[in-house]
Amino acid sequence: ENTTVEVPVACVDGGSVFIGGDAVVMMAGPCTVESEKQLMTTAEAVRKEGAVILRGGAFKPSTSPYGFRGLGEEGLRLLAKARSEFGMAVITEVMTPSDVPMVCEYADILQIGTRNMQNYMLLDEVGRTQKPVVLKRGMSATFEEWLLAAEYVLSQGNRNVILCERGIRTFEKMTRNTMDISAIPLIKQISHLPIISDPSQGTGRRDLVTPMTLASVAAGTDALLIEVHPNPDEALKDGAQSLTLDQFQQLMPQLQAVAGAI
Ligand code: PEP
């Protein structure tokens, strides 16, 4: 039997959305929380277009230690403020087992990033909560390794696991990662868990985010995780893969057309 994961969302009728249910759920927001103004502007814009879950990193797994690593707890506070202002649920990354209780206080969904897919202590710790967990695919992980990582969370008693395709590492350099759309129908065949799609990390290129979003919907994704920034060229992180507010506005009717057509 397929699993659906309930996420409490104040701004929708009934007060919850179900990932793995009938509707494709939109999660959108900045890669990283940079300031109150940046977060609130983005949250207001994506909410207006229909996103119900706000993404935003407070603890960032930066490839370089000299890159922006997030605002930490202050970033979480800003996310919680945006939640109460716009009624959206919040998804944010947790990187360390000891941070899990703190992140749980502010977030509705815990994100485990690609670099931590096999951080077993972290998986155990989020498994001891009842929060929905988005488990990103490790950039070089096999499907079996990914599903076994999910088992770490499930086996601790947390049944609210959502898998996320975010691209894999290949020889290709024109894209940041190679978005593996086939993961979506394949996971649906071999697992009961919901699967969502992150075309921002999956491509690293804003010009490819809309086509990969539509392809993900056609392939059966349960939700999308998309990076949006009011001024991507000035973003402290991942501006190249962030949609502008206008681009996000243009994406939503296209998504609804594809979702309605299938
Ligand atoms: C992110 O979504 O902010 C992120 C860092 O993703 P990933 O772990 O897929 O690189």
Got a number for residues in the stretch 160-182 being buried (at least 24 other Cβ atoms within 10 Å of the Cβ), within 13 Å of the ligand (Cβ to nearest atom) and over 11 Å from Lys136 (Cβ atoms)?
1
Within the stretch 67-75, is even one residue touching a helix residue (DSSP H, G or I) at 6+ places or on another chain (Cβ under 9 Å) and either within 21 Å of Asp198 (Cβ to Cβ) or part of a helix (DSSP H, G or I) (or both)?
yes
Which residue pairs have Cβ atoms under 7 Å apart, sit 6 or more places apart or on different chains, and have a first residue in the stretch 100-126 that is under 19 Å from Leu225 (Cβ atoms) and a second that is of a type in the set (Asp, Glu) and in a strand (DSSP E or B)?
Gln111/Glu93; Gly113/Glu93
From the list Pro185, Pro194, which residue is within 19 Å of the chain's Cα centre (by Cα) and buried (at least 16 other Cβ atoms within 10 Å of the Cβ)?
Pro194
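Being outside any loop (DSSP other than H, G, I, E, B) and among the acidic types (Asp, Glu) is the filter; apply it to the stretch 1-29 and report the residue that is modelled with the highest pLDDT.
Let us first name the residues in the stretch 1-29 that are outside any loop (DSSP other than H, G, I, E, B), namely 5-8, 13-19, 25-29.
Cutting the leftovers down to among the acidic types (Asp, Glu) gives us 6, 13.
Numbers: Glu6: 98, Asp13: 94.
Once the filter is applied, the top-ranked residue is Glu6.
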Residue hits (the stretch 105-123; within 12 Å of the ligand (Cβ to nearest atom) and in contact with a helix residue (DSSP H, G or I) (Cβ under 6 Å, 6 or more places away or on another chain)) are Asn116, Met117
Taking the stretch 189-210 on its own, how many of its residues are closer than 16 Å to Glu1 by Cα, touching a helix residue (DSSP H, G or I) at 6+ places or on another chain (Cβ under 9 Å) and assigned to a helix (DSSP H, G or I)?
1
Residue within the stretch 130-150 that is in contact (Cβ under 8 Å) with a residue 60 or more places away in the chain and within 13 Å of the ligand (Cβ to nearest atom) present:
yes
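Just to be sure before I move on: is Val94 within 19 Å of Gly157 (Cβ to Cβ) and within 16 Å of the ligand (Cβ to nearest atom) in the structure I sent?
Details: within 19 Å of Gly157 (Cβ to Cβ): yes; within 16 Å of the ligand (Cβ to nearest atom): yes.
Yes; evaluated as a whole, the condition is true for this residue.
The values are calculated or read from the model by the stated rules, or taken from the named source; none is laboratory data. No experiment lies behind these values; they were computed from the predicted model shown. Glycine gets a Cβ as well: all are built from the backbone with ideal geometry, and neighbour counts include every protein chain shown.
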